[in-house]
Amino acid sequence: MNSIDVPGRALLITPDPNKSIAAQASKTLIKNLPDPRVLKNEYFELYIGTTDKPVYAKSNGTYYYSCRDPEFAALSVFLTLSSQMDLYLGLGLRQPERPLIVVVNDPSPSVANNAYFDPEHYEIHIGIGTGVKHGGLNKNIAFDLGVTNHEFGHTIVYLQTAGNELPGAQGAAINEALGDVLGTLVMDYMRRIWYEKQFGQPFTAYDLKNDPRIIGKYALSPFGIRTQKTSKKTPDDLSGEPHADGLIIGSALADLLVAMGTMQNTVIEPQIKQFTQIILVALTLIPDFVVTFKDMLRAVIAADQLIYAGRYRLLIEQCFAAHGITFNTINQTESPCLKRYPVV
């Protein structure tokens, strides 16, 4: 059966929690569906609640669902994942061997106020929030496309690394950081570039430089789950908890992303792609035993050397050194990267 493009309605960017979802939904085309009646392709299979409830088109053959319908959230997730996969495959991501199962609005108590990537079964599950007013996340966690992109960041680690993981305490922190930076932030910036004309909001170097780098900006409005714009350093701020320690290496990577994207006489989108390409190659170079922040630094430097003949080496060292990750070759306290991008 030939692939078919089908009309639908979805979120194309993470919505503003202060505006109605309906006002932020867009008509769109779902491209290259092998079977237009079912929301799946060679890379993703979408389900609602459990893996025995696929997402089907309406009786009229479209995916024009109401914002209140779970199919609307599922389509929004499908589209952001598809664009993420297309982008990263073009930049060096290894070809997956099977479709990724994605369950939206999973009611299981184990995934309440949460989402996760399951490497054993090759699945992403996005749960349901109990509500910000009740100390949880927004009920419609799936509306926060950055949460989905974060989980796909873990999928990238699984696909790209020698052992399908990053072992060790710092390896786990790097994994969380990559979910935030390579997953959430890269895709948030790219969507804002891709759809700037449609939404009438140009995305400039000023916007990139001053972005607060919030993870979960809809799921836990207004401050998010965390931000990858910190002054945290190793070893002083190490805690042993992957998400907390991920703010050290994550802020270094996010500093590098922003520094590359705002270099003089460059265009933001190609620069973000170059950053992404460097990190994807770096993941293939990381050892398959206990991984440290320094291993990540070495791998990023090596990837830059392989692809761009070391064009960004000084910038890489400066951004990592600002967070205590160094070979002791430059002054950590005088990093221009840290000075250029102050913390919130």
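Look at region 250-268: where a residue is in the same structural domain as I278 (by TED's automatic domain parsing) and a partner is polar (S, T, N, Q) and part of a helix (DSSP H, G or I), sitting 6+ places away or on another chain with Cβ atoms under 6 Å, you get M260/Q271; G261/Q271.
To keep it simple, each residue is scored yes or no on (1) in contact with a helix residue (DSSP H, G or I) (Cβ under 6 Å, 6 or more places away or on another chain); (2) over 22 Å from P287 (Cα atoms).
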residue	(1), (2)
V103	no, yes
H121	no, yes
L145	yes, yes
A177	yes, no
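From the list G168, G216, the one residue that fits, being over 22 Å from K19 (Cβ atoms) and small (G, A, S), is G168. Checking each residue in region 285-297 for being surrounded by 16 or more Cβ atoms within 10 Å (Cβ to Cβ), assigned to a helix (DSSP H, G or I) and not aromatic (F, W, Y) picks out L285, D295, M296, L297.
For region 173-226, filtered to residues that are assigned to a loop (DSSP other than H, G, I, E, B) and among the small types (G, A, S), the residue that is farthest from T14 (Cα to Cα) is G200.
The values are calculated or read from the model by the stated rules, or taken from the named source; none is laboratory data. From a predicted model like this one, the values you see are computed outputs, not experimental measurements. Note that each Cβ is placed from the backbone with ideal geometry, even for glycine, and that neighbours are counted across all protein chains shown.
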